[in-house]
């Protein structure tokens, strides 16, 4: 058996957490400085938003370059939230903002993409599958432009585990609301 075949056989199944970290980095292209979650409200640089109650079993995780991230160890799902202001909130269409989130991914396949009312504006909701470093994942992404800011909310999981977490993510998204920063 040659070395490359042996190397392929020894590879273990990859965890989706590195993919979550990669997506978080993409979602946070503008970055955030001093920020934090107090109660149910997150305060970032020039923006703030309120989140709903997390489903049982979801825990907050620290992921660099993102506002908030939560992980469901049971099903392997990850929720990532971010906001940025003054960068591309006025003149970039929702479809382009959504596409930008997945530039580093391959084999992107959009299953559904719709513009829906959200937080007294329109948001783009996208359901897609994609690969990062050969690992397939399924995503539901919401992109909202409001008051010069862009908010990205994303749920990701392995395709076989996506449905259960997606239902919980839907409730989580419906509780999201922007608030005036202090």
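The values are calculated or read from the model by the stated rules, or taken from the named source; none is laboratory data. Quick caveat: nothing in here was measured; it's all calculated off a predicted structure. Because the Cβ atoms are built from the backbone with ideal geometry, glycine has one as well, and the counts that use them run over all protein chains shown.
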- Is it the case that some residue within region 125-133 is on the phi > 0 side of the Ramachandran plot and in contact (Cβ under 8 Å) with a residue 60 or more places away in the chain? yes
- Message: Here is a check on your reading of the model: is residue 97 out of contact with any helix residue (DSSP H, G or I) (no Cβ under 9 Å at 6 or more places or on another chain), modelled with pLDDT of 90 or more and surrounded by 13 or more Cβ atoms within 10 Å (Cβ to Cβ)?
- Response: yes
Those residues of region 52-68 which are within 18 Å of residue 175 (Cβ to Cβ) and crowded, with 21+ Cβ neighbours inside 10 Å amount to 58, 67, 68
The one condition residue 165 fails out of (1) within 16 Å of the chain's Cα centre (by Cα); (2) surrounded by fewer than 19 Cβ atoms within 10 Å (Cβ to Cβ) is (2)
Note: among 108, 84, 104, just one is assigned to a strand (DSSP E or B) and closer than 27 Å to residue 45 by Cα, namely 84
Residue 117 being surrounded by fewer than 21 Cβ atoms within 10 Å (Cβ to Cβ) and in contact with a strand residue (DSSP E or B) (Cβ under 7 Å, 6 or more places away or on another chain) = no
Log entry, pairs with first residue in region 156-182 being touching a residue at least 40 places away in the same chain (Cβ under 8 Å), second being buried (at least 16 other Cβ atoms within 10 Å of the Cβ) and part of a helix (DSSP H, G or I), beta carbons closer than 6 Å, six or more apart or on different chains, reads 157/165
Of the candidates 119, 152, the one satisfying the condition of being in contact with a helix residue (DSSP H, G or I) (Cβ under 8 Å, 6 or more places away or on another chain) and touching a residue at least 24 places away in the same chain (Cβ under 8 Å) is 152
Given (1) at pLDDT 95 or above; (2) surrounded by fewer than 19 Cβ atoms within 10 Å (Cβ to Cβ), residue 123 misses just (2)
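Results for (1) in a loop (DSSP other than H, G, I, E, B); (2) at pLDDT below 85; (3) in contact with a helix residue (DSSP H, G or I) (Cβ under 9 Å, 6 or more places away or on another chain), shown as yes or no for each residue.
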site	(1), (2), (3)
24	no, yes, no
30	yes, yes, no
59	no, no, no
65	yes, yes, yes
71	no, no, yes
78	no, no, yes
Of (1) under 14 Å from residue 153 (Cα atoms); (2) over 17 Å from the mean Cα position of the chain (by Cα), residue 101 satisfies every one except (2)
